[in-house]
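A.B. asks: So that we are looking at the same thing, I have put the structure below in structure tokens.
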Amino acid sequence: MKRTTPSALPTAVLLAVLFGTSATGSETPGAPEEVASLLAGTFDSETQAEANPAAFRAVRLVSVLVPRSRLGSGSPVLYLEQALSATPDKPYRQRFYRIEETADGGVVSRVFEPKEPVAVSGKWRDPADLALYGAGDVVERIGCAVRLKKTADGWEGGTEGTHCPSALSGARYATSRVKLVQGRMESWDRGYDLEDRQVWGAKEGPYVFERRSAGPPDGEKAKD
């Protein structure tokens, strides 16, 4: 019999398996599980890039839930890779995100960067293998946590202040704004120099990522 892999399960069922919530709807998922379900899947910005190629590029984003992650401490953990759609096997961003509930009912997404990105690249195909990565394998990006609040149709928020360091293109710090609704993610990352001038990132508005599947990219199944 073929073994069912975690990434092959529907997101709601996977969250129920990992965190003890009901897949039948008899229990309401907690805030971290709700946010994790909106983040999981394959997204791209191709529609936006086609409409405004001068301002936006076609980017693919793959995000998978990591079962029983050593980084979890009881909270959902996702692994994310971001790459140009034309070169999906050459990610320029690889992160682990731990989604924690805050005292006011919101969530905070803590950001971890793998120490050896090449070793992790493409591991969304085998989420169970990602579970082996612990605190010694990553570096937390202190100051870069994203805090989200519940809205009428999803979740919205961002980083706080100027505490997320960035040296890209002469930047001193970076900011990130995020909006999550069913089937879509908006992300606006920008870098600023010592004079608070924007030196990298989109200028006209956030990248709009549309969800193409709730799991791995079409035609690319997770390992059995």
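A.B. asks: Go over the candidates VAL107, VAL111, VAL146 one by one and state the one that is among the aliphatic types (A, V, I, L, M), in contact with a Pro (Cβ under 9 Å, 6 or more places away or on another chain) and under 27 Å from TYR173 (Cβ atoms).
C.D. replies: That would be VAL107, the only listed residue that is among the aliphatic types (A, V, I, L, M), in contact with a Pro (Cβ under 9 Å, 6 or more places away or on another chain) and under 27 Å from TYR173 (Cβ atoms).
A.B. asks: Yes or no: ILE99 among the β-branched types (Val, Ile, Thr), over 19 Å from PRO217 (Cβ atoms) and not in a strand (DSSP E or B)?
C.D. replies: Judged against the criteria, ILE99 is not a match.
A.B. asks: Exactly one condition in (1) under 25 Å from ARG68 (Cα atoms); (2) modelled with pLDDT of 95 or more is false for SER166; which is it?
C.D. replies: Among (1) under 25 Å from ARG68 (Cα atoms); (2) modelled with pLDDT of 95 or more, SER166 violates only (1).
A.B. asks: Still on this structure: Inspect the stretch 196-214 for any residue being more than 22 Å from LEU78 (Cα to Cα), surrounded by fewer than 17 Cβ atoms within 10 Å (Cβ to Cβ), in contact (Cβ under 8 Å) with a residue 24 or more places away in the chain and of a type in the set (S, T, N, Q) and give the result as yes or no.
C.D. replies: Taking every residue of the stretch 196-214 in turn, none turns out to be more than 22 Å from LEU78 (Cα to Cα), surrounded by fewer than 17 Cβ atoms within 10 Å (Cβ to Cβ), in contact (Cβ under 8 Å) with a residue 24 or more places away in the chain and of a type in the set (S, T, N, Q).
A.B. asks: Here is a further query. Please specify each residue of the stretch 59-90 satisfying the condition of being out of contact with any Leu (no Cβ under 9 Å at 6 or more places or on another chain) and more than 21 Å from ARG147 (Cα to Cα).
C.D. replies: LEU84, SER85, ALA86, THR87, PRO88, ASP89
A.B. asks: Of everything in the stretch 141-162 that's of a type in the set (Asp, Glu) and in a loop (DSSP other than H, G, I, E, B), which residue is nearest to TYR192 (Cα to Cα)?
C.D. replies: In this case the residue turns out to be GLU160.
A.B. asks: Tell me which helices (runs of 4 or more DSSP H) are completely within the stretch 3-89 and hold 1 or more residues being on the phi < 0 side of the Ramachandran plot, modelled with pLDDT of 95 or more and crowded, with 20+ Cβ neighbours inside 10 Å, or say none if there are none.
C.D. replies: The helices (runs of 4 or more DSSP H) meeting that bar are 31-39, 46-51.
A.B. asks: Is it the case, given these coordinates, that SER176 is polar (S, T, N, Q) and at positive phi?
C.D. replies: Against the criterion (polar (S, T, N, Q) and at positive phi), SER176 does not qualify.
A.B. asks: Are any residues in the stretch 154-166 free of Cβ contacts under 8 Å to residues at least 60 places away in the same chain and not polar (S, T, N, Q), and if so, which ones?
C.D. replies: GLU156, GLY157, GLY158, GLU160, GLY161, HIS163, CYS164, PRO165
A.B. asks: Here's another thing I want to ask about it. State the number of residues belonging to the stretch 130-162 that are of a type in the set (Asp, Glu) and surrounded by 15 or more Cβ atoms within 10 Å (Cβ to Cβ).
C.D. replies: 3
A.B. asks: Show the residue pairs that are 6+ apart or on different chains and have beta-carbon atoms under 7 Å apart, the first residue being within the stretch 63-90 and touching a residue at least 60 places away in the same chain (Cβ under 8 Å) and within 24 Å of GLN48 (Cβ to Cβ), the second being of a type outside the set (A, V, I, L, M) and outside any loop (DSSP other than H, G, I, E, B).
C.D. replies: SER63/GLY41; VAL64/SER7; VAL64/TYR79; VAL64/TRP124; VAL64/PRO127; PRO88/ARG60
A.B. asks: Further, regarding this structure: Restricting attention to the stretch 167-195, which residues are in contact (Cβ under 8 Å) with a residue 24 or more places away in the chain, over 21 Å from the mean Cα position of the chain (by Cα) and assigned to a loop (DSSP other than H, G, I, E, B)?
C.D. replies: Scanning the stretch 167-195 gives a single hit, ALA171.
The values are calculated or read from the model by the stated rules, or taken from the named source; none is laboratory data. From a predicted model like this one, the values you see are computed outputs, not experimental measurements. No Cβ is skipped: glycine too gets one built from the backbone with ideal geometry, and neighbour counts run over all protein chains shown.
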